[in-house]
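A.B. asks: Before I ask anything, let me first share the structure, which is written out below as structure tokens.
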Amino acid sequence: MNFFRLVILSFTVFPCTLFAQHASIDKKVDSLLSLMTLEEKVGQLNQLSSDFAVTGPITKDGDKQDRVRQGKIGSYLNVTGAARTRSLQEIAMQSRLRIPLLFAQDVIHGYRTIFPIPLAEAASWDLSAMEQTARIAAVEAAASGIHWTFAPMVDIARDPRWGRVMEGAGEDSYLGSSIAAARVKGFQGKGIGNIDAVMACAKHFAAYGAAEGGRDYNSVDMSVRKLYEVYLPPFKAAKEAGVASFMNSFNDLNGIPATGSSFLQRKLLKGDWNFNGIVVSDWGSVGEMVNHGFATDLKDAALKAMAAGSDMDMESRAYVAHLADLVKEKKIDILLINDAVKRVLYKKFELGLFEDPYRFSDEKREQAVWNNPAHVQVAREMARKSIVLLKNEKLPALNQAVLPLSSSANKKIALIGPLVKAIGENNGFWSYAWPDDSSRVVSLWQGVINKLGNASSLIYAKGCEITGADTSGFAAARKTAALADILIVSVGELATMSGEAKSRSQLQLPGVQEQLVKEMVATGKPVVVLISAGRPLVFNWIADHVPAIVYTWWLGTQAGNAIADVLFGDYNPSGKLPITFPRSEGQIPIYYNYLSTGRPFKSDTDNTYVTAYKDLPNSPRYVFGHGLSYTTFQYGALQVNTSTISKDQPLQVSITVTNTGNTAGDEVVQLYLQDVVSSIVRPVRELKAFEKISLKPGQSKVVHFTLEPSAFSYYNDSLALIAEPGLFHIYIGGDSQATQKASVTLL
Ligand code: GLC
């Protein structure tokens, strides 16, 4: 066959193949559905957790395996391991129609190999790296019988009091959308049905990150326009990336619980966006509509959730208890049940579970995948890229910046603080504790030893615990410090202080850790502070008095090695903050893409009659996009290919970036856009593009961006995306304060 015939054939065959695959699954689904009783249909919409790894308030209600045998459970979450999933699947094969179970798990930032928490990974701004870690997580989870991960969490969050900021990609819709798509592609790989792909799940739909006061599960109230502009884009990006499922959210949105919102689930998701995957409720959220005061009882909740488009009921047992009766009483149309069941069965066919229910439960494959050294290396690389250098000043005595440290043996290094030898903490929330963690997870202490080859030049003092008021360890810490040339102080939260149901009203370092740092600074020795947390913390004294500060989040399995790589300069830090760091909880919500207001802030000295607090500087402690390097980068003049553009014309933008230091480094070049005058006021600037580049000392690179017409658009009150004629400013730089500027007029 000649080449052209082959090309033509492939174009004709390929879509047909894909179409044929879908058509054939649709046919199989329809024929299976026709055999199912009403009770069996309802059973497919019932998802229960195992008792092995509990991620919510568990209900003990007898033998679940019997219900599997009776076809009353369609999906299980929190069942881990090839052996366990196989044994449960064997029970499912005893049901009348032998419909296999779907196994789901919160594989949020790794499964066997734990990667940095998602907020830390977002600080890398490295989309291919984030896709890669999701890919590895999927490979490891799929080998352990898991078909479905409840990730990526794509909630935009502007309030670090909310513990779940750790689970997302921070405050920006553009960055969050880019990361959402990358993570979905990583989890789903070459597509559902491949043996190393898992179904991804965009959650929590929607606007869960805007919980009032940062209090988890709290109400959310905002204009639908703001919902479209800020909170929905990452979900839309996930849908366009082909995400297999959505999870709705605990919160009410403008007075309607998301689980009972037909606007969100039927009109928007399944209607406008034409989503044909599964919508699963969040843990018990169907039943929680009674607590919301939206449903009179569990039966009413089942009615409202199904009517609103929530296909599968996680853990509330409302569907399995009441849906059949609601159909018999003609309160729910069987067509709605059929649609939900078809969505579930479609995925089970697509996963190949009817051909081979055990294809994901292969213990040999599990062992091989679990111990792949390449996964660990990727974890180290991702951890290094996630670290953010917040401050790195010269010390007079040193006449150079404190970091990177020299690894020469004649320097005595003191490692001080409660997180120096911490192991499991490094995995952060939404990770799994494995029996061999003590040998697999690398502590800071072990990472520095690995770097130096031995501990001969190291000394250690814990100083204090993470929490509590006990300062009795300070004396030993002072003694240790006196023997050292430089002090590395590792402080932070407990890993369980951020995550679900972990909202905090104050964000200071817990316990007496800040006092420990003060003691160490008082010794007069050079001090480096490492802060580990799942969220922005407030540490003003440290920020003002310590010359070198490194934000180390929770970096996962390779934490200690990655931190040592940065401390000793084997990796030049390149992380940039994906979320604003406040000076005080009182500033929250504080984010970079705010509106100007009629009395915009001018300066801290001229702040009468302006939008500002009188009792602290108006700026955040660290801005969105902030992150230092061991080298310096210079931005040249910003070039645009035209000063006037029409509505359907892309704009070409370029800028030369030069590494003006003496160390190779990576820089995240960020492009922000301002619509100066508009019918609905626009943020003072918005991230519209970014590129992470690598430059050798002295090297320059011309970075090109193409701004599509959509970049100039925004949602108007009718929820139409419009671009209005007028002046636009473009800013490019290494953080959201970017100053290189050019202007264009949209005609
Ligand atoms: C939890 C979380 C959700 C998670 C689910 C299952 O409550 O809100 O993100 O996927 O329950 O663990």
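The values are calculated or read from the model by the stated rules, or taken from the named source; none is laboratory data. Computed from a predicted model, the values in this text were never measured in an experiment. FYI the Cβ positions are ideal-geometry reconstructions off the backbone, even for glycines, and counts take in every protein chain you see.
A.B. asks: Could you grab the pairs with beta carbons closer than 6 Å, sequence gap of 6+ or different chains, first residue in the stretch 142-157 and within 16 Å of residue 184 (Cβ to Cβ), second one among the basic types (Lys, Arg) and modelled with pLDDT of 95 or more?
C.D. replies: 152/183; 153/203
A.B. asks: If you don't mind, another one. Just to be sure I understand, how many residues within the stretch 365-405 are farther than 26 Å from residue 547 by Cα and among the β-branched types (Val, Ile, Thr)?
C.D. replies: Selection size over the stretch 365-405: 3.
A.B. asks: Also: Considering each of 471, 480, 467 in turn, give the residue that is β-branched (Val, Ile, Thr) and in contact with a Pro (Cβ under 9 Å, 6 or more places away or on another chain).
C.D. replies: On inspection, the qualifying residue turns out to be 467.
A.B. asks: Cβ-Cβ under 6 Å, sequence separation 6+ or interchain: first residue in the stretch 313-324 and polar (S, T, N, Q), partner within 16 Å of the ligand (Cβ to nearest atom). Which pairs?
C.D. replies: Between residues of the stretch 313-324 that are polar (S, T, N, Q) and residues that are within 16 Å of the ligand (Cβ to nearest atom), the close pairs are 316/284; 316/286; 316/287.
A.B. asks: Please give the number of the condition residue 202 fails out of (1) within 16 Å of the ligand (Cβ to nearest atom); (2) under 12 Å from the mean Cα position of the chain (by Cα); (3) outside any strand (DSSP E or B).
C.D. replies: Evaluating residue 202 over (1) within 16 Å of the ligand (Cβ to nearest atom); (2) under 12 Å from the mean Cα position of the chain (by Cα); (3) outside any strand (DSSP E or B) leaves (3) as the failure.
A.B. asks: With the stretch 32-143 as the region, which helices (runs of 4 or more DSSP H) entirely inside it contain at least 3 residues that are within 16 Å of the ligand (Cβ to nearest atom) and at pLDDT 95 or above?
C.D. replies: Hits in the stretch 32-143: 127-142.
A.B. asks: Condition first: at positive phi and in contact (Cβ under 8 Å) with a residue 60 or more places away in the chain. Now tell me which residues in the stretch 57-94 satisfy that.
C.D. replies: Result: 81, single match.
A.B. asks: Name the single residue that is surrounded by the fewest Cβ atoms within 10 Å (Cβ to Cβ) among those in the stretch 481-503 being in contact with a Gly (Cβ under 8 Å, 6 or more places away or on another chain) and over 21 Å from residue 559 (Cα atoms).
C.D. replies: 501
A.B. asks: Something else now. Does residue 149 fit the bill of being buried (at least 23 other Cβ atoms within 10 Å of the Cβ) and away from the ligand (no atom under 16 Å from the Cβ)?
C.D. replies: Against the criterion (buried (at least 23 other Cβ atoms within 10 Å of the Cβ) and away from the ligand (no atom under 16 Å from the Cβ)), residue 149 does not qualify.
A.B. asks: Tell me the residue from 703, 681, 677, 668 that is crowded, with 16+ Cβ neighbours inside 10 Å, of a type outside the set (S, T, N, Q) and either in contact (Cβ under 8 Å) with a residue 60 or more places away in the chain or part of a loop (DSSP other than H, G, I, E, B) (or both), please.
C.D. replies: Just one listed residue meets the conditions, 668.
A.B. asks: Test of understanding: among 658, 642, which residue is part of a loop (DSSP other than H, G, I, E, B), modelled with pLDDT of 95 or more and not assigned by TED's automatic domain parsing to the domain that holds residue 402?
C.D. replies: Result of the check over 658, 642: 642.
A.B. asks: Moving to a separate point now. On the given criteria, is residue 455 over 31 Å from the mean Cα position of the chain (by Cα), in a helix (DSSP H, G or I) and of a type in the set (Gly, Ala, Ser)?
C.D. replies: Judged against the criteria, residue 455 is not a match.
A.B. asks: Another one. How many residues does the stretch 329-340 contain that are in contact (Cβ under 8 Å) with a residue 40 or more places away in the chain and either more than 19 Å from residue 285 (Cα to Cα) or touching a His at 6+ places or on another chain (Cβ under 7 Å) (or both)?
C.D. replies: Qualifying residue count for the region: 2.
A.B. asks: Quick one: which residue in 228, 217 is more than 13 Å from the ligand (Cβ to nearest atom) and surrounded by fewer than 24 Cβ atoms within 10 Å (Cβ to Cβ)?
C.D. replies: Answer to the check: 228.
A.B. asks: On to the next question. Counting just the residues of the stretch 245-286 that are over 18 Å from residue 220 (Cα atoms) and aromatic (Phe, Trp, Tyr), which one comes out nearest to the ligand (Cβ to nearest atom)?
C.D. replies: Here the residue is 283.
A.B. asks: What residue, of 511, 598, 560, is modelled with pLDDT of 95 or more, closer than 20 Å to residue 489 by Cα and part of a loop (DSSP other than H, G, I, E, B)?
C.D. replies: None of the other options fit; the residue is 511.
A.B. asks: Spot the failing condition for residue 449; the list is (1) of a type in the set (A, V, I, L, M, F, W, C); (2) in contact (Cβ under 8 Å) with a residue 24 or more places away in the chain; (3) surrounded by 14 or more Cβ atoms within 10 Å (Cβ to Cβ), and only one is missed.
C.D. replies: (2)
A.B. asks: Report, by residue number, each residue of the stretch 293-321 that is under 14 Å from residue 43 (Cβ atoms), away from the ligand (no atom under 16 Å from the Cβ) and surrounded by fewer than 24 Cβ atoms within 10 Å (Cβ to Cβ).
C.D. replies: 320, 321
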